[in-house]
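Inspection log for the structure reproduced underneath, given as structure tokens.
The values are calculated or read from the model by the stated rules, or taken from the named source; none is laboratory data. Since we're looking at a predicted model, the values are computed, not measured. As a convention, Cβ positions derive from the backbone with ideal geometry for all residues, glycine included, and neighbour counts pool all protein chains shown.
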Amino acid sequence: MRQNIVAGNWKMNLSFDEADNLIEELVEKLEENELAPNTRMIVCPPFPYLELCSDASVDSYFAVGAQNVNENDNGAYTGEVSATMLHSMELDYCIVGHSERRAYYGETDALIAKKVDQLQKYDITPIFCCGEVLEEREANRQFEVVKRQITDGLFHLDKEHITNIIIAYEPVWAIGTGKTATPDQAQEMHAFIRGLLAEKYGKEVADEISILYGGSCKPSNAKELFANPDVDGGLIGGASLKSEDFFQIAMSF
């Protein structure tokens with residue numbers, strides 16, 4: 001049975017003290033309340049706060065992931081972080097291919113595929129992001145775009161390695177805009193993605209892979225979004241910076 005997952009992407013936010021307070025609040029809430037069975041919370045802070053969050057997660061209330069990784073083992077890549085470093089910190093997850101990395105830093109599907117391979121080489125589960133921008137949605141090209149991203153970024157993997165992937169669908173037009181895909185729109189794309197996986201790897205494999213919704217998910221709409229059969233949770237942005245909001249989303253299963 002695939003996991004229900006809420007992953008908080010803090011992006012480039014919070015001071016050290018703010019991050020410390022947020023983690024303390026989350027730990028306190030998780031000590032007092034149990035998540036639903038088969039539900040996992042992941043926190044993805046900026047690189048400087050990884051150790052802070054990792055230390056706080058020792059009792060397995062939540063897992064910790066990074067927001068990005070370099071495609072090389074090591075070397076003269078100033079400012080970059082490698083999968084070997086993340087592995088040495090015993091991190092379990094890392095986001096790759098986020099729409100902001102694609103848009104602002106020119107990350108291609110081919111580069112993202114290399115990052116996926118690096119993470120899996122060191123037993124770190126990639127949270128692989130895909131999704132269309134507003135112009136592509138309005139041109140009714142969303143399925144074409146997502147199919148290309150998944151095909152070029154993931155379909156070089158064999159059955160064993162594809163099951164160690166989490167996919168996050170980002171309707172980019174619904175990130176930070178206040179817009180949200182309707183539950184029907186989210187389910188439609190998630191079902192499409194699972195169908196692509198089934199065509200490539202078979203239904204049994206496709207049914208093992210968690211697919212998260214990553215577009216302005218909030219406590220007010222999480223339960224309705226997560227009720228869809230192919231929506232297995234969320235990659236949460238702004239709402240993950242408020243402990244109560246993030247916790248309420250995690251309790252929406």
Every residue from region 95-118 that is of a type outside the set (Ser, Thr, Tyr) and closer than 22 Å to Gly233 by Cα: Ile95, Val96, Gly97, His98, Glu100, Arg101, Val116
Only one of Ala181, Ala168 that is among the small types (Gly, Ala, Ser) and in a loop (DSSP other than H, G, I, E, B): Ala181
Residues that are assigned to a loop (DSSP other than H, G, I, E, B), crowded, with 21+ Cβ neighbours inside 10 Å and among the hydrophobic types (A, V, I, L, M, F, W, C), drawn from region 88-110: Leu91
Evaluation of Ile23 against (1) part of a loop (DSSP other than H, G, I, E, B); (2) in contact with a helix residue (DSSP H, G or I) (Cβ under 9 Å, 6 or more places away or on another chain); (3) of a type outside the set (Asp, Glu) (one fails), failing number: (1)
Any chance Glu208 is at pLDDT 95 or above, surrounded by fewer than 18 Cβ atoms within 10 Å (Cβ to Cβ) and part of a loop (DSSP other than H, G, I, E, B): yes
Check on Phe143, under 26 Å from Phe246 (Cβ atoms), without any contact (Cβ under 8 Å) to a residue 60 or more places away in the chain, surrounded by fewer than 18 Cβ atoms within 10 Å (Cβ to Cβ) and among the aromatic types (Phe, Trp, Tyr): no
Pairs, first of a type in the set (Asp, Glu) in region 99-120, second part of a helix (DSSP H, G or I), C-beta under 6 Å, six or more apart: Glu107/Arg101; Asp109/Gln149; Asp109/Asp152; Asp109/Gly153
Checking Ser60 against (1) outside any helix (DSSP H, G or I); (2) at pLDDT 95 or above; (3) surrounded by fewer than 18 Cβ atoms within 10 Å (Cβ to Cβ), the condition it does not meet: (2)
Checklist (1) surrounded by fewer than 24 Cβ atoms within 10 Å (Cβ to Cβ); (2) modelled with pLDDT of 95 or more applied to Ser216, failing item: (2)
Looking only at region 185-222, and only at residues there that are without any contact (Cβ under 8 Å) to a residue 24 or more places away in the chain and among the acidic types (Asp, Glu), the one that is farthest from Lys147 (Cα to Cα): Glu204
Restricting region 28-48 to residues that are of a type in the set (A, V, I, L, M) and assigned to a strand (DSSP E or B), the residue that is surrounded by the fewest Cβ atoms within 10 Å (Cβ to Cβ): Met41
